[in-house]
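Working notes, beginning with the structure itself.
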């Protein structure tokens, strides 16, 4: 039973990593790509990393990461082309997290943590139209 709970918690943590990078990528992709590439700014990248790790753009001092031990340094944001010089650049958000197992490490020595990884690619462009009624 402990193995089933452990597997379920690991699966949930992996889903959280995937959702987090998708949310961060969509946030950056929501900015207009011209005349200036706002998504490529340090401000936007910092907000996207906060969104991925904490689930909010402006975390407070007492806010905990969505996965224990997760930090903004575990999230990578890259652009293609790197200088965001074209109107249709791509945004790639990648993240890694370490899941500490509950029971698997006791049964199989050396497997105390599992690396979780996710990546999302988003097209730049922003929302240029009107909202639907």
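The table below gives the values:
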| read-out | value |
| --- | --- |
| Some residue of segment 42-49 being modelled with pLDDT of 90 or more, part of a loop (DSSP other than H, G, I, E, B) and within 15 Å of the chain's Cα centre (by Cα) | no |
| Selection count, segment 14-38, where residues are in contact with a strand residue (DSSP E or B) (Cβ under 6 Å, 6 or more places away or on another chain) and either buried (at least 20 other Cβ atoms within 10 Å of the Cβ) or at pLDDT below 90 (or both) | 7 |
| Unmet requirement for residue 19, which otherwise passes all of (1) under 15 Å from residue 116 (Cα atoms); (2) in contact (Cβ under 8 Å) with a residue 12 or more places away in the chain; (3) within 11 Å of the chain's Cα centre (by Cα) | (2) |
| Residues satisfying the stated conditions in segment 51-83, i.e. buried (at least 16 other Cβ atoms within 10 Å of the Cβ), over 11 Å from the mean Cα position of the chain (by Cα) and closer than 16 Å to residue 26 by Cα | 79 |
| Qualifying residue in segment 28-35 (condition: touching a residue at least 40 places away in the same chain (Cβ under 8 Å) and assigned to a helix (DSSP H, G or I)) | yes |
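The values are calculated or read from the model by the stated rules, or taken from the named source; none is laboratory data. Here the structure is a predicted model, which means the values were calculated and not measured. A quick note on method: Cβ atoms are made from the backbone with ideal geometry, for glycine too, and the neighbour counts reach across all protein chains shown.
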